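See structure below.
The values are calculated or read from the model by the stated rules, or taken from the named source; none is laboratory data. All values reported here derive from a predicted model rather than from experimental measurement. Using ideal geometry, Cβ is built from the backbone for each residue, glycine included, and neighbour counts are taken over all protein chains shown.
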Amino acid sequence: MTKLLIAASGTGGHIYPALSVLEALPKSWDICWLGVENRLEKAILPKEYELITIPVQALQAKGIRGLLQRLKLCFSIVFVVGLILRKKFDVVFTTGGYISAPTIIASKLCRVPIILHESNAFPGKVTRLLGMLCDQVALGLPIAKDHLKNCNLIFTGTPVRSEFLFPNPLPSWIPNNPTPLIVAMGGSQGAVGLNKMVREILPDLLKRGYRVVHIIGTNDNPSGINNPNFVEKTFTQEVAGLLQHADLVISRSGAGALSEIAVCKTPAILIPYPYAADKHQDLNAAYVAQFGGALIIHENMSADQPLLKSILRLLDTSPPVNGQGNTLLNKMSKGMDNIAVRDAHLHLVDVIRKYS
């Protein structure tokens, strides 16, 4: 029986791809999940899997706080070494982020094969520094290879949650009428800046009869707007149905969200998170825009009007060209379809099997 350690923590962009791989692995495998206390993985990991947590943090602070973070990293490396030796894992799989650092180093010290999945167009700091120590670095976007040296690279795509791979009904809480449906969302933690931009143009959108679903996350307060064509939620588990039926999505450009939007072939307006590490969301968005799947609007004080103008342009009901479905939205949908990878989880399972 193969014993596998999965290390994934933090945001949905790290956790959901790992969960997709987990669901595709043989049920006979002995699988343990390594995470961080009080993070998303604790809430969504299926109860039948063992979750072990470590107190690792990102190495961003300076002075005494930075020293404490480095001490925690050293402690985490020792802890993971002990875990690997005690559980006798055959292979380790991680999806990046700061939990990957102690996991990669410990796996290398224990001489256990380690596979790292990097989802972003510009690889994260851990991937850039420690990718060369991994037996395999799997890429979610092919252009990431331009920023990595001395790594054993393979392109797999980024896995999406299983519900995105089959048709879903329109959620019952959405008004079912023939007007365009706009979905605005900021990722697993929400996005206050994006929410503000959307709220500034909501009166114009609703005045035109558009249906708008706004997923605001847990870090923002409800707007209190009352309109039969408007639904506001902090969170929903019906994102697949939302995206599959949406005419347009307004979103951040995290790699996980982009993979799900692409699989649904949903045209997008992307608003990259301006404070993302190494501006990786900007590069993710640029990659999608290159294929014609999305427009990009940057978050700033005057971004409300460009956002409104872009939405109105995309939802213009001008007739198709030469009788064909050649509207701008249809072209964008095809662009999304061109970058979609629907079997990324199976590619990664094959990689893990190779080293197990």
Can you find a residue that is touching a strand residue (DSSP E or B) at 6+ places or on another chain (Cβ under 9 Å) and modelled with pLDDT under 95 anywhere in the range 282-296? no
Closer than 15 Å to Ile296 by Cβ and within 22 Å of the chain's Cα centre (by Cα) - does that describe any residue in the range 197-208? yes
Within the range 84-99, residues being of a type in the set (Ser, Thr, Tyr) and either outside the structural domain of Cys32 (by TED's automatic domain parsing) or at pLDDT 95 or above (or both) number 2
For the range 150-196, which residues satisfy the criterion of being under 20 Å from the mean Cα position of the chain (by Cα), among the aliphatic types (A, V, I, L, M), surrounded by fewer than 23 Cβ atoms within 10 Å (Cβ to Cβ) and over 19 Å from Glu238 (Cβ atoms)? Ile154, Val192
Any residue at all in the range 89-101 that is free of Cβ contacts under 8 Å to residues at least 60 places away in the same chain and surrounded by fewer than 24 Cβ atoms within 10 Å (Cβ to Cβ)? yes
What single numbered condition from (1) surrounded by 13 or more Cβ atoms within 10 Å (Cβ to Cβ); (2) of a type outside the set (A, V, I, L, M); (3) touching a helix residue (DSSP H, G or I) at 6+ places or on another chain (Cβ under 8 Å) fails to hold for Asn219? (1)
Check the range 298-305 and report whether any residue there is at pLDDT 95 or above and either surrounded by 14 or more Cβ atoms within 10 Å (Cβ to Cβ) or part of a loop (DSSP other than H, G, I, E, B) (or both). no
Is it the case that some residue within the range 227-241 is surrounded by fewer than 14 Cβ atoms within 10 Å (Cβ to Cβ) and more than 25 Å from Ser20 (Cβ to Cβ)? yes
Within the range 1-54, the residues that are β-branched (Val, Ile, Thr) and assigned to a loop (DSSP other than H, G, I, E, B) are Thr2, Thr11, Val36, Ile54
Pick from Lys108, Lys145, Lys149: which is of a type in the set (D, E, K, R) and at pLDDT below 95? Lys149
